[in-house]
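As structure tokens, the structure follows; a few thoughts come after it.
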Amino acid sequence: MTHRIDMTGIGKSFFATRALDDVDFSCVAGEVHALVGLNGAGKSTLMKVLGGAIERDQGRIEMDGRDVAITGPADARAIGVAMIHQEYSLIDELTVYDNIFLGRELHRKGTPFLNKAEMARRVRAELKRFGLSLDPGRLVRDLNSGEKQIVEIMRALMSEAWLIVMDEPTSALSEGDKERLFHFIRRMKSEGVAIIYISHHMPEIFGIAERVTVMRDGRIVLSERTTDTTEEAVISSMSGSELDDFVKPHKAAEGEILLSVRNVSKTATYHDVSFDLRQGEILMLTGLRGCGAPELAKTVFGLDDGYRGDIAYRDVRLKPGRGPAAAVRDGMGLVTENRDTNGILAPLSVRDNIALPFLEKSLSFGLIDNTRIERLVDRAIRDTSAKTSSPSQEIRFLSGGNKQKICFSRWLDRDLELLVLLEPTRGIDVHAKADIYRIIEELAERGVGLLILSYEIDEVVMLADRVITFYEGRSISEYVHPHFDKDRMLADIAGTGPEQAA
Amino acid sequence: MTLKSTSALAAVFAAAATGSAFAGNDDALDIVFINDGHVAPYHVAWLAGFEDAIAAYGEAFPDLEISGRWLSAEGSLERMIQQAEVTINEAPDIMFVNAINVDAFEPLVAQAQDAGITWIAVHSAMESADYSFTLGDITNGRNQGMAMCALSGGEPFQVAIMLGQAGNPSGEARRQGILEGISTCDNIEVVAEQPADWDTVRAQSIAENWMTQFPELDAISGVTDAYMYPSLAIAANSGRSDLQLYGYDGDIPILEQMRDGPVMADILLSGTREGWNFVQMAYRLHRGDELEKVYDFFTPLVLTEENHRLALENGFPENIEVYSVDQALDVAANGFREFGPDSVR
Amino acid sequence: METAGKTTEQSPSPAISALAMRYLVLAALIVIASLGFGFANENFFSLANIGILLRSISVLFIVSMAMTFVMLTGGIDLSVGSNVAFAGGVGVIALTATGSAPVGFLAAILAGMSIGLINGIFVGRMKLSAFMVTLATFALARGLALVIYDADSINVSNAIFLWLGGTSWGNVPVVIPFVVLVFAVLSVVLYRTTFGRDVYAAGANFKTAFVLGRRPERTLVWVYILSGALAGLSAIITVGRVSSGQPWAGLYLEFDAITAVILGGTSLFGGRGRLFGTILGVLLYGIIINGLVLTGTNPYLQSLIKGAILLSVVLLDSWTQRGKQR
């Protein structure tokens, strides 16, 4: 039979804030229902209500027309609802099948010994049913994030889940893994699985979802079949206003050469890469995950020292192993790809997070001049339009986009000459993205050189002055604005470009 | 939450209100005993004896408002100094202080005497103190060592000695005495000396090591009976019924092991007795008795009658006072008979 | 991702921060405890007793402030108590050998710093667990102290050496204004120097601090050296207080300091906390110890009461934290 979940009149308040206001939301087996909205619109809250992580104040949840009581995560699991989060809950040191059967292991009949062969066989069979190939005996530690996600979903499916909630599932995936995920989702649909798909990516939504629901300020503002609406309509209902198309004006790169990379290699990472970066230029590196480009960018910043070849910065050859402290002193900055691990200082205030690289410049008589810091922090918050109740607020309470803006704001100093960015818009909403793009443009106009790694081809095409594609550690080809050819770039990074074929 | 802590505090104050008496009676005697610890079996008996004696004297002499309390520094010198300072500020009549290190207390002794407090140094004698209550640790240790000589049978004999905490004067004195006693005969070889920090658990692992390290070991000597408990258990478990133990303290359970167990000799201190003796001494001082500046606690050697006879045959000096096990048990269990109110009437 | 709807965008932190809340609770407990003890024994509020109380916790003040620095980096320094004994021994021996108090002071502080340097290199440079490393130096420094003292105490009569820990101006021990001075200096270091901010950064997120070019590995080395230097300073005060060098000085000091720092609201995981909280923590701890002695509370109960107070403050904390999150 075909399952369905109907949530009606759901309401939830936090203190004085109405997080959910009379929300109706349904999901039917065999369909993908996309849920979109800016950060803070209430989508996560709605999903937490469904998953039992928080309790609703009002409203009903029905499964197949009968009321169900969801008061905790166990209730949700019991009726077949599974949440797939961005942070995977897998145990690295166990194999794929160990993880999938965790807590309900199969035993050899009448013995306490695990029947590993049978567990592996069942996992292999299930994977095959969904058109996937993955060795069940591999350790989760050795999997890439796309494969981990598959294991996470398989675990849900094999414990009788029929409704899968996916939160930004493609944010950490390479192009190839994305394709595999979409394929997987289509197979799940045909096997009668229902999927709630939270995402900001319009092409993905219109590619795989049957329905799309948009939330804003805790309410449903649009709910349509994807065939009956358009990307523009969805975007404008998200923000309540039409988003201007971001059109990049043409600009000739004519600044001095700031960074010169010559024949740089690192074993099993990147090989014989050379390029220049001029002042005021936006140079974007792109490829698939594992293409070596992020390691190369980190090397430039001094985070990686086991390389051969020459890197010259402002005509001075950089010494390997000099470390990030020297890079910062020389006017370089870095925004890492993983905000929460090595981007923010979670327990500290927004002020302390911003001010850290500026401390030496704010000394008077050897002591920190707090008025100068205050001025600097105010300007940084204003320039990045980061939303925070006060500079004293702890940064961990900010949304992903605002955290990212704070990470940027550390470098908006006039001494900055080279900024290295790794996946600058990973996991943030469209509005924050637009702000980040604006900041990048402004920096370039000021003459800062930008070396950016991005896996999102649309972002690359939109933002770059120049693009270098990477495949398995080698730079494939270079494109200069406005002569961008998206299809050729995609072919380059997939290893099927004309140069590679030759 | 705050409620919880307040009620905890309230309990403290309630305890305080009953525990401390600062009444302005004409004839009052307030005694404070600051000890270095309060959890070892000897200390528990000691402090309990002190408390019982305070109660007994209070009952026996209704005209005298007698009060007493004890504090434990838990092995920390700094804590003991703080406790002494607070106590001096309270100005009791008599302070017994079992100083972890006597040198550190010289300034406080002067301060206490300025405040009119009688300072009694416990175990380690102090020149500046009004009185010193000493154990004769060297003599006691020597008696233990000489008993070992007399009971070792004249054959080559191996002994391992378990010491106190490094630097502790009382432990050092006992060690010195034991070694002196052993040196009166020439068949005993000291194969190991190891501090166990007055700690039963540490003593256990040391004794276990000795069992494997010295298969020919004939005896374990300890500077406290706290070491005898694990030694007894290990001797029994390893089937070494011939292993001899030489104790020090007169803990009742150890005395009971002497009748037919491996404990050959013990020194009858007995914490209970010592606690009672403190109060007796304080009472006598209050009454105006003249006491020796260095007051020696009477601490006889304990041997079974049979072993005593054997020892005398082997040349053990006759002038050393020896208690039989029954005598020792009687005295240890009934400290009040020796030092109770009736002893001073 | 967003956590709680709109609140994340606006103002998720309640009107009063967790730390401010903690300080109010501590202040209230200090007042309640003082009033209670004062009620039980009128001597509690005497100038003499307040002098005794403050003097008895002067070393704890200094060591706990150092521990605050260490714990702000997410570390711990179990070696401080042993280091007080070791540094005191080196200082006293240098004093006896040369007869010069300044040489003795210098020797004590350098000795303390050298144990700190060992901690710092292993924790900061070699990235070993602070707990493991300082547990080792905890034993090592005590062993060194016993060796150099030959397990026996050494009497000190040099008036200059004893001045800091032993002298009083009337009822005010000299060491009290000195502790205030140390507090002022350390506050400036923590809040107004780049080193201080780096201490927070290293504890808040070591990797981020590294990427931002803050050299957190170097910060850690200096934090442990600072802790060692303050242990050396505490050793000088301790020698003055007991007019002798003691191989068993500073016993349990590390545990008292960790207790006071945790009471004062500094996070065990680093990055969060202030010196002021530690001061309140030490005061509360000191008042309770002093009051329990003064009221003659059964020593078997004392540990229980200390544990109960620590547990209730920690519970209160997790309770307010939970209230904050949603």
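What does a probe at A:E160 reach in the range A:100-119, counting residues whose amide N is under 20 Å from the point 7 Å along Cα→Cβ? Hits in the range A:100-119 for A:E160 at 20 Å: A:100-107, A:119. Note on the range A:257-501: lysine pairs with Cα distance below 19 Å, sequence gap of 8 or more or different chains, count 8.
Taking each DSSP H run with n ≥ 4 as -39500 (n - 2.57) and averaging over every residue of chain C yields -24000 deg cm²/dmol at 222 nm. How large is log10 of I(q)/I(0) for the range A:432-502 at q = 0.17, 0.28 Å⁻¹ when the intensity is taken from the Debye formula with one equal scatterer per alpha-carbon? The Debye formula, applied to the Cα set alone, gives -0.66, -1.34.
The range A:298-341 and the range C:234-251 have their alpha-carbon centroids 49 Å apart. For chain A, the longest principal axis of the C-alpha atoms and the axis of helix A:430-445 are separated by about 10°. Taking 7 Å along the Cα-to-C-beta vector as the label spot, tell me the A:D415-A:F113 distance in nanometres, rounded to one decimal. Between A:D415 and A:F113, the simple spin-label model gives 6.7 nm.
3J(HN,Hα) along the range C:102-109, derived from phi through the Karplus expression 6.51 cos²θ - 1.76 cosθ + 1.60 where θ = phi - 60°, amounts to x, 4, x, 4, 4, 4, 4, 5 Hz, with x in place of Gly and Pro. Amide H contacts of A:G255 (H built 1.01 Å from N, in plane; Pro and chain starts excluded): A:Q279 sit under 5 Å, all sequence-distant by 5 or more or on other chains. Note on chain B: dipole from Cβ charges, positive end direction compared against B:S170, B:Q213, B:H308; the farthest Cα belongs to B:Q213.
Residue separation times 0.36 nm, minus the C-alpha to C-alpha distance between C:L301 and C:E42: what's the value? That pair, C:L301 and C:E42, stretches by 91.0 nm at full extension. The calculated FRET efficiency for A:T2 paired with C:L35, based on their beta-carbon distance and R0 = 60 Å, is about 0.30.
Candidates B:I66, B:T200, B:G153 compared by Cα position along the dipole of chain B: farthest toward the positive end lies B:T200, with charges placed on Cβ. Placing dummy labels 7 Å off each Cα toward the beta-carbon, the span from C:T167 to A:A268 is 6.7 nm.
For the range A:170-237, what is the convex hull volume of the alpha-carbon atoms per residue, in Å³?
Each residue corresponds to 99 Å³ of Cα convex hull volume.
Relative to the longest principal axis of the Cα atoms of chain A, the long axis of helix A:370-384 makes an angle of roughly 60 degrees. Set against the 2.2 N^0.38 Å expectation for a compact globular protein, chain B has a Cα radius of gyration ratio of 1.06. When only the Cβ of Lys, Arg, Asp and Glu is charged (+1, +1, -1, -1), the dipole of the protein assembly as shown relative to its Cα centre reaches about 4920 debye.
Taking the protein assembly as shown, the Cys residues with no second Cys beta-carbon under 4.7 angstrom are A:C27, A:C291, A:C407. Taking the Cα atoms of the range C:224-326, the ratio Rg/Rh between the radius of gyration and the Kirkwood radius comes to 1.03.
Placing +1 on the Cβ of every Lys and Arg and -1 on the Cβ of every Asp and Glu, with nothing else charged, gives chain C a dipole about its Cα centre of roughly 900 debye.
Listed by chain and number, the lysines placed with their C-alpha closer than 27 angstrom to that of C:K306 are B:K4; residues fewer than eight positions away on the same chain are left out. Pairs of C-alpha atoms in the range C:53-316 farther apart than 28 Å represent 33 percent of all such pairs. The simple spin-label model puts a point 7 Å past each Cα toward its Cβ; for A:E360 and A:D75 those points are separated by 5.7 nm.
Summed over qualifying helices (DSSP H, 4 residues or more, each -39500 (n - 2.57)) and divided by its residue number, chain A shows a 222 nm mean residue ellipticity of -9500 deg cm²/dmol.
Counting neighbouring Cβ atoms within 10 Å and putting the fewest first, the residues A:H85, B:H286, A:H200 line up as A:H85, B:H286, A:H200. By other beta-carbon atoms within 10 Å, ranking B:C149, B:C185 with the fewest at the front produces B:C185, B:C149.
Note on the protein assembly as shown: Cα convex hull, mean projected area over all directions, 57.1 nm².
Once you reduce the range C:24-93 and the range C:100-178 to the center of their Cα atoms, the two points are 17 Å from each other. Set the Förster distance to 56 Å, then compute FRET efficiency between A:V68 and A:E478 from the Cβ-Cβ distance, nearest 0.05. Efficiency, from the Cβ-Cβ distance: 0.45. Our coupling estimate for the range C:280-286, obtained by passing each phi through the Karplus curve with A = 6.51, B = -1.76, C = 1.60 and θ = phi - 60°, is 4, x, 5, 4, 4, 4, x Hz, Gly and Pro reported as x.
Counting only DSSP H runs of at least 4 residues, each contributing -39500 (n - 2.57), and dividing by the residue count of chain B, the helix-based mean residue ellipticity at 222 nm comes to -14500 deg cm²/dmol. Rg/Rh, computed from the Cα trace of the range C:174-269 with Rh as the Kirkwood radius, has the value 1.03.
Here A:L416, B:L29 are placed in order of increasing Cβ neighbour count within 10 Å, fewest first, which gives A:L416, B:L29. At an R0 of 45 angstrom, the distance between the Cβ atoms of A:I91 and A:K319 translates into a FRET efficiency of 0.65. Relative to the first principal axis of the alpha-carbon coordinates of chain B, what is the inclination of helix B:41-60, with its axis defined by its Cα atoms, in degrees from 0 to 90 and to the nearest 10? Computed tilt is about 40 degrees. Kirkwood radius for chain A, taken over all pairs of different Cα atoms as the inverse mean of 1/r, rounds to 24.9 Å. Given A:S385, C:G104, C:S58, which one lies farthest toward the positive end of the charge dipole of the protein assembly as shown, if we put +1 on the Cβ of every Lys and Arg and -1 on the Cβ of every Asp and Glu? Farthest towards the positive end: A:S385.
When restricted to Cα atoms, the range A:4-239 yields an Rg and a Dmax of 18.4, 61 Å, respectively.
Every number here is computed from the coordinates shown, using simple stated rules; none is lab data. All figures in this text were calculated on a predicted structure; none of them were measured in a lab. No Cβ is skipped: glycine too gets one built from the backbone with ideal geometry, and neighbour counts run over all protein chains shown.
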